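The values are calculated or read from the model by the stated rules, or taken from the named source; none is laboratory data. Just so it is clear, the model here is predicted, and its values are computed rather than measured. No Cβ is skipped: glycine too gets one built from the backbone with ideal geometry, and neighbour counts run over all protein chains shown. All accessible areas refer to the heavy atoms of the entire protein, side chains included, with ligands and DNA or RNA removed. Shrake-Rupley method; radii C 1.70, N 1.55, O 1.52, S 1.80 Å.
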Amino acid sequence: MKTQSLKNSLKSGIAASAIILSTIIGSAPKAEAQTPVKNIVLVHGAFADGSGYKGVYNILTKKGYNVTVVQNPLTSLKDDVDATNRAIEKQDGPVILVGHSWGGTVITEAGTNPKVVGLVYIAAFAPDNGETTLKLVQSLPAAPENGILPPDDKGFVYFSKEKFHAGFAADLSKEEADFMYASQGPIAAQGFVAPITEAAWKTKPSYAIVATEDKAINPDIERNMYKRAGSKVTEIKASHVVFISHPDAVAKVIIEAANNAAAKK
């Protein structure tokens, strides 16, 4: 009888413990499911347009990302930031904002938009508060192949025809470079002397690609900017248009930024 009573007591105790444990587990706060960042906004630079992102666009959209390509007017920093913010506001959730070259200056200012959760700089400028793009351009010597011309009589800056292939797109075919020259977007010189008011990289995580064979921006300028910004840096042996010549490598960095932003939400 004593043995049976002991068994019954043990059973009752185990059952009670199970009920208590179940209650504790049930009342514990559940970890929130992470929402992947699926919105990518791509911003082009000077002497180019959004069509250069086609290879990156194709890779990202096939992986399920919602990709928007901004067409910058290139008439002022404010105009380009406004165009970028219009694209950001159209998104239905958090955004990874990507900029190439001059587009880096644009995303540095536009990236303060609350929807932006990460920045990706592709051989791009990343100015600090109060700093201009021109100051960064002049911070180290330019390559001999660099073909950025002085402003014309309308105040717009072009890249020279003679140096376009070697200085801007050396790892593309001559035919591709010739088309890019013919369709280049000149930029208003006033954009290069407009200071950043609030650098988004100070408060948002950033990723950056150094194009090691870049002749349009000295690669050491890129390294200096990205070190200052605390960016996670990837170096790719490529010309200034690394996003065209190496779309897979560039898309990989963008995806990493999106994945890490989702993990931190």
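Miscellaneous remarks
- Whichever residue in the stretch 107-135 is assigned to a helix (DSSP H, G or I) and under 19 Å from the mean Cα position of the chain (by Cα) and, among such residues, is surrounded by the fewest Cβ atoms within 10 Å (Cβ to Cβ): E109
- Scanning the stretch 150-175 for residues that are more than 18 Å from N72 (Cβ to Cβ), outside any loop (DSSP other than H, G, I, E, B) and in contact (Cβ under 8 Å) with a residue 12 or more places away in the chain gives F164, H165, A166, G167.
- On the stretch given as the stretch 210-227, residues that are in a loop (DSSP other than H, G, I, E, B) and crowded, with 24+ Cβ neighbours inside 10 Å total 3.
- Whichever residue in the stretch 229-255 is part of a helix (DSSP H, G or I) and open to solvent by less than 20 Å² (accessible area, probe 1.4 Å) and, among such residues, is nearest to D128 (Cα to Cα): A229
- Residue check, G147 more than 19 Å from S231 (Cα to Cα) and open to solvent by less than 10 Å² (accessible area, probe 1.4 Å): yes
So that you can scan it fast, the table gives a plain yes or no per residue for (1) over 25 Å from the mean Cα position of the chain (by Cα); (2) open to solvent by less than 30 Å² (accessible area, probe 1.4 Å); (3) modelled with pLDDT under 95; (4) within 24 Å of A110 (Cβ to Cβ):
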position: V157; (1), (2), (3), (4): no, yes, no, yes
position: F164; (1), (2), (3), (4): no, yes, no, no
position: G167; (1), (2), (3), (4): no, yes, no, no
position: S173; (1), (2), (3), (4): yes, no, no, no
position: A177; (1), (2), (3), (4): no, yes, no, no
position: A182; (1), (2), (3), (4): yes, no, no, no
position: I187; (1), (2), (3), (4): no, yes, no, yes
position: W201; (1), (2), (3), (4): no, yes, no, yes
position: P205; (1), (2), (3), (4): no, no, no, yes
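- Residues located in the stretch 62-101, provided they are open to solvent by 20 Å² or more (accessible area, probe 1.4 Å), of a type in the set (S, T, Y) and under 16 Å from the mean Cα position of the chain (by Cα): Y65, T68
- Which listed residue is aliphatic (A, V, I, L, M), without any contact (Cβ under 8 Å) to a residue 12 or more places away in the chain and more than 28 Å from P36 (Cα to Cα), from A216, A182: A182
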